[in-house]
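Here is the structure we will look at.
The values are calculated or read from the model by the stated rules, or taken from the named source; none is laboratory data. Worth saying up front: this structure is predicted, and the values here are computed from it rather than measured. Glycine also receives a Cβ, built like all others from the backbone with ideal geometry; neighbour counts cover every protein chain displayed.
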Amino acid sequence: MEVNSLVKELLVEYRQLTSSQKLFFELLAFVYIGSRNGKGIAIETQTIKKVVNGEIKHKYVYTVVVDEEDN
């Protein structure tokens, strides 16, 4: 498969993601790139459940933790 067609296919899939999914995907890319540059990087996740108008809502919180020292 040609690189350009692969990129186009990935963009189509990316555009169909929800905003939360896009954020998580971007955080994963950040972690991957950072780890390739010798940084200790992790994503901490937290789910917050809240009742709004009798309905349970979920809020997902992602925190990026970076070790500033070179490994």
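Looking across region 27-65, just one residue is of a type outside the set (D, E, K, R), in contact with a Lys or Arg (Cβ under 7 Å, 6 or more places away or on another chain) and within 24 Å of Tyr14 (Cβ to Cβ), and that is His58. Only residues that are out of contact with any Phe, Trp or Tyr (no Cβ under 9 Å at 6 or more places or on another chain) and loosely packed, with under 10 Cβ neighbours inside 10 Å were counted across region 42-60, and they come to 9. Figure legend. Inter-residue proximity from region 20-41: first residues surrounded by 12 or more Cβ atoms within 10 Å (Cβ to Cβ), second residues part of a helix (DSSP H, G or I), beta-carbon distance below 6 Å, spacing 6+ or different chains. Indicated pairs: Ile41/Val31; Ile41/Gly34; Ile41/Ser35. Here Thr45 meets the list (1) at pLDDT 75 or above; (2) in contact with a Gly (Cβ under 7 Å, 6 or more places away or on another chain) almost entirely, failing just condition (2).
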